[in-house]
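Values in this text are rule-based calculations from the coordinates and carry no lab data. Treat the numbers as computed from the prediction; the structure is a model and nothing was measured. Every residue, glycine among them, receives a Cβ derived from its backbone with ideal geometry; neighbour counts consider all protein chains shown.
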Amino acid sequence: MPASIISIWTLSLMLGAAGLGLLVRACWAGAWGAASLARCAECGYPTEGLETDVCPECGRRAADAARSRLNRRRVRAGAAGLALLALAALGFPMSDALRFGIAHALPTITLVEGLRWAPAYHGVVGVELEERAGLDRMARWERRELGRVCLSVLAGASDPAARRTAARLIAHVSPDTQPGAEDALLGDHDPVIRATGVEVYWNRCPGDALRDRIRAMAADDPSPIVRRRAAVVLLSLARAGQGSGAAVVGG
């Protein structure tokens, strides 16, 4: 393991320990030291030897002043402890970013929105999202949002590589539950995306209407890539008993 990763982990543990210590002190500040009886807890005026518990300088009672100072100490210690814990928590994502890249350390929803707003990074983002989807590391709502964003990219993006990345990702998010996914994939002007769509729906046991559409693509699609892909799909479906391969036209 690289020394830089070990250093980050060590620093994170030290910051976390310091933060916990400060939070403990904030919760039990009264046990760490009572207010000095020699000076006013509010203004610091010497009160030793006074016969009254009211400070002649600020007019505060000793008990009230001590309580006020104790509360201020608790707030400062608690805020500092939380800040140190937050810094400690950042150490582990930072180590992941150094080892696997910044995309690995980002939340899934950030990567999903990155497809929409930062299409220039579609390569790194797409690979990471495909890995998370394949490993079932996405919540159901994240998959739905990914499907919506991918359809938005297909409809509005001009970068062909970004659009192809979106088409591949749709395969991981149940395209049959995404309204308009079938037309977006199989009716796209990019033959690579149409071929990707054929494979996507092949793996999902297409119904009669969709099989007819794939059969028509195998016969009439202008791209030989799509025709060959559709022909392979129809032959596979015929062998599996889901359709007839008689109408398959080779590209």
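Details
- Under the combined filter of DSSP loop state and at most 13 neighbouring Cβ atoms within 10 Å, the range 109-154 retains these trypsin sites (Lys or Arg not before Pro): 137.
- Spacing of the two label points (7 Å from each Cα toward its C-beta) at residue 144 and residue 159, in nm: 2.8 nm
- With 10 Å bins beginning at zero, the pair-distance distribution over Cα atoms of the range 102-204 amounts to 17, 54, 27, 2 %.
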